[in-house]
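What follows is a short report on a single structure.
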Amino acid sequence: MFLPGSVMEKSENSEVVSGDLMLWKEIGGLDFGEDIKFEPSKLLAKFQKESKEVNMSSVSRRGLSFGYRKPQLALVFADLLFDPQQILTVTVAIALREIGYEIEVYSLEDGPVLAVWKNIGVPVTIIKISDKKDVLVDWLNYDGIIVNSIEAREVFSYLLQEPFKSVPLIWTIHERTLANRLRQYMSSGQFELVNDWKRFINRATVVVFPNHALPMFYSAWDSGNYFVIPGSPAEAWEADNFLVSSKDDLHVKMDYGHDDFVIVIVGSQFLYRGLWLEHAFVLKALLPLYADFPSDNNSNSHLKIIILSGDSTGNYSVAVEAIALNLRYPRNSVRHIAVDEDADSVLNMADLVIYGSFLEEQSFPNILIKAMCFGKPIIAPDLSIIRKYVDDRVNGYLFSKENMRVLTETLLEIVSNGKLSPLSHNISSIGKRTAKNLMVSDTVEGYASLIENVLKLPSEVAPSKAVTEIPSNLKEEWQWKLFESISDSTHPNRTLRTHKFLEKIEKQWNGTQTESSGAAVTSTNETFVYSIWEEQKNINMVNRRKRREEEELKDRTDQSRGTWEDVYRNAKRVDRSKNDLHERDDRELERTGQPLCIYEPYLGEGTWPFLHNTSLYRGLGLSTKGRRPRTDDIDAPSRLPLLSNPYYRHALGEYGAFFAIANRVDRIHKNAWIGFQLWRATARKESLSKTAETALLDAIQARRHGDALYFWIRMDTDPRNPLQQDFWTFCDAINAGNCKFAFSEALKKMYGIKHDLMSLPPMPMDGDTWSVMHSWVLPTKSFLEFVMFSRMFVDVLDAEFYDEHHQSGYCYLSLSKDKHCYSRVLELLVNVWAYHSARRMVHVNPETGLMQEQHIFKNRRGQMWVRWFSSTTLKAMDEDLAEELDSDHTKRRWLWPSTGEVFWQGMFAKERSQRNREKEKRKKQSKDKISRIKSRHHQKTIGRYVKPLPEDVEGSNTTVVVEARVLR
C-alpha cells in the first residue's frame, strides 16, 4: 500500500487533481483496475459458432419445425423459502411463460413460496432426498433445467449420470461463499473436495452470475461456461429486511452524535493499488464542506466521514489515517470500516453516500444500489454503467471524474447549514424507487436470450417468441406483490444456511479422508516389516517347489471330494466368482418356467430407479460402465461389440438392445415370447401394472390372439402428439419433417427399386392407434424375423447418414446437432413391420390389462404389402447379403455384418466341402507317412542266434547240430 505524502501537497486546486491522476497513470506506479474485466468469450464464441453451423450446414435437406408442444423447462430449488432468488425466478418465469415456455418447479424442501408458484399456475414437486428410490424424475422430459442454488447440489448427482448428462443445464450462483471456501480448500490441501465441486461446475452448460465481480472470484474453476446476467432484487430485499429488524443505534455505538452529518464513501469491491489515491481525491474535494459545519466545545466537527471499503483482514485503516492527516482533517473525523463488518448499518446511518471509485465496471455497483434502497442521496462519477441507470439531479447526482471541482460544487449544493437540501430528499426518494426495481429488464431479457441460445429444441417443439415480444409491464419491476402475503418471520438467513450446507459437505469429505488416512497409516506400518515379509516369501517359494517335486514323484491316488452338498456348494461358489455376467439369483429359475421375459434397455446409473426387479423383467445395459451391480442384467456390448462404439450406441438407441438379444438368441433367451419396455415408461407411469402383467401372461399362454404384437404405450396419448396426428405426420413431426422421405429412400435402396416412385407403405388413419417408446411383446420367432428386417433397414439408413452425421453431427432428421439422428425413425419401425407382415396388433391397457385389437384384418385388405414383408422375402434378402459378404469379402464400410449373425444355405456346402478337403488331406498325410516308413533304409542282419537244448537232453542219442549261417 502506497501512502500519498507530497503528492497531495503539490495540488493547489481541484483542477490539478485530475492532472495528477493522469500523471500517476502514465508513470505506471499504481494499478487503477482498468484491466479488471470479465468477458465470456468462449461461451459467446460457442453460441456464434453453433448459429453459423446451423445456417451454413451442408445437409442435403432442411428440417422443419412443427411446433406441436411448448418448450419444457424445469426449475430446481434447494427450498421454497422466501429469498431474493425466488423473487427473481418468479419474475423471469412469468415472462418466459408469456413467450411460450412451459415451466415446472422441483424443490428439495417445502416452504411458503409454494403458494406463490401455485397461484401463478406452475406445478411444484417436492423431491424426497432421504431415499434415492423415491427420486423418480425423468429429466429427459425437459428441454432445459435451471438450478437456482448451490444447496441444490443433490440434484447434480443425477444430472452427472447418463442418460441425463446431455440435458442443457443452467446453474445460477448468487453467493461468494463457495468461492471463499474453495480457496480455503486449496490452501489446506483438500484438492479432492475442490475437484468434486469443479465436476459440478463443469457439468453446467452455463453458470450464471448476477454481476461481473462474482465470476472473477470463481475464476480459478472456470471451464469456459461462465456468463453474467446483471440484476437481482437482493439489495432491495436485504435493505427492507434490515430496516424492519434493525434496532441498534449505530450513532451511539460509534460515538457519533445524532446531530452529526455522516458522509460515507464507498467504492469498487475490487481492491487495486490505486484505490487509496481515488479516495484521497474525494477527501480533498470534501475539505471545503467543513466550513458549513460548526464545531462543539471540544473543537470536534459535526461532519463525519466514513470510508467503507476493503475487508477486516487488511491494513487500509492505516492508509486512511495517513491520508486524513496529510489533508489536515480534524482528528477522528475520518475513519475506515471494512465492508464485511457491518456495511448495512453504516449505509443506514449515512446522510449522504459518495461513490469514490473511478473504475469503469461492467455491472452497476451493488453497494450503490443498496445505498439507494436505504433512501440515501448518492453522488457518483459519470461512469458509463452508472449513467445508464442514474440521471443527474433526477434520482442521483453525477460528477465528472476528470474535474473534481464539480464534486465540491455538488456537495455545497446538496448540504446547506449542516443539513440536506429539500431537493436532495426528493431525489433520494426517486432513487429509492428506481433502485428497488433496477435492471429488471436486463435480467428478464438476459435469461430469455440465454435460454434461447442454450436450448436445442426437437422438431416437434414450437420455438419461443422473440425476446422483444415480452410485454413491457413484465420488465418494469420485480414481482413484489406476489410475495406480500408472506410474513416477515419467514425470511431466512441465506448466508447462514449456505455456510451450514458447506460444512455438512465438508464433514462428509472429512470422514472419507479419515478412512483414507487410516489406510495410509496401515500401509506405512507395513513398510517396517517389508524385509521380514520378503524373507518369508522366499521361504514359502522354496517350500512350494519342494512339495511340487514330491507330488510329481508320488503315484496318482484318488482324492476325496466330500459329499454332494460340498461339491455343489464349491461349484456354485466358483460359478459366482467367474464374472459379473452370470445369472446369480433365483430369478433365473423363475424366469425359465415363464413363457415371457421382458427386457428393459437402459444406459447409465440415472435410469436405475426406474427398472424393475421381478423375474418377469431383466435389465439390459447398453454400456458396460453403467450396469447395475449384483443383478443378472445383460451386458449388451459383450453380446454385440458394435455397441462398444459410442456413435452407434447413441444412433441405434434401443435397437442396439434388440440386435444384442437376437445375436445367438438361444444362448441368453429361452422363453417362447420376448418383450421390451423402455425405462421411461415407468417414469411416465405407463409401465405394466401387476394386473396388466397377469392379463398379458394369460393371453399369451392361451394363445388368444395367436402371433400378435402386444403394446401398451399409445401414439395418440404421447406428449409429443397433442394434436393426435396420423402415423406419418407424427413421424415427420419428430424427425424435422423428413421421416417419410428417409423411410421411402431406405425402402427403395433396401429392396433395390430403381424408379423414383414414392415407396411409402400406407399406415391408414382408421381410428386406431400405434405403438411408441419400444414397449411391446412378440413371439420369439417373430422377434427374430423383425430383427432380420430391422438389420437391413438400419444398414441402409446408416449408409445414407453416416458420413455427414459422423463428421459434422448434423443430419436432416433433426434441427440441430443430434447424436441420435435416425433413432426416432426406428422407434416407429415395429408398427410398419407388424402391420404389413399381417400380424395382429393388440393394445394392452397398462393399468387394467384390458385388451383391444387395433387395425383388424378386414380393414387392412388391399393395403398391406405382405409380399415385401413376408418371412420368405426377408430370409432370401438376408441370405443374399450373407452370400455377398462370404464371397466378395468387401472392404467397404458396411454396418449389416456387425449387427448380428451372418448365415446362408451355401455355408452348409462350404462347410461340408471344407470338411471333405480336411478329411482327404488327413488321408493323404497318412498314406504319405506309411510310404515313408516302407521306403525307409533298413540295416542288414549280422546273424541269427539259436538257443541251445537243455542239459538233460545232451546225454541222449540225439545229435544236435548247431549251424550258423550268414544271411544275406
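Principal axis analysis of the Cα atoms in the range 604-888 yields extents of 50, 48, 41 Å, listed in decreasing size. For Lys923, go through the lysines and keep the ones whose alpha-carbon is under 25 Å away, minus same-chain ones fewer than eight residues off. Within the straight-line cut-off, Lys923 pairs with Lys910, Lys934. Sorting the segments 843-851, 121-129 by their residues' average number of neighbouring beta-carbon atoms within 10 angstrom, most packed first, yields 843-851, 121-129. Taking each of Lys625/Lys670; Lys748/Lys858; Lys670/Lys781 in turn, the alpha-carbon distance tops 18 angstrom for Lys625/Lys670; Lys748/Lys858.
Beta bridges assigned by DSSP with both partners in the range 604-888 are antiparallel in approximately 65 percent of cases. As a length-normalised measure over Cα pairs under 8 Å and 6 or more apart, the relative contact order of the range 604-888 settles at 22 percent. Sparsely packed loop sites in the range 314-382 (the chymotrypsin sites (Phe, Trp or Tyr not before Pro) outside DSSP H, G, I, E and B with at most 13 other Cβ atoms within 10 Å) do not occur. Taking 32 Å as the limit for the C-alpha separation, the pairs Lys685/Lys819; Lys253/Lys500; Lys891/Lys924; Lys118/Lys456; Lys456/Lys740; Lys46/Lys475 exceed it in the case of Lys891/Lys924.
Throughout, read-outs are computed from the coordinates displayed, never taken from laboratory work. Nothing here was measured: the structure is a model prediction, and the numbers come from that model. Note that we place each Cβ from the backbone using ideal geometry, even for glycine, and neighbour counts take in every protein chain shown.
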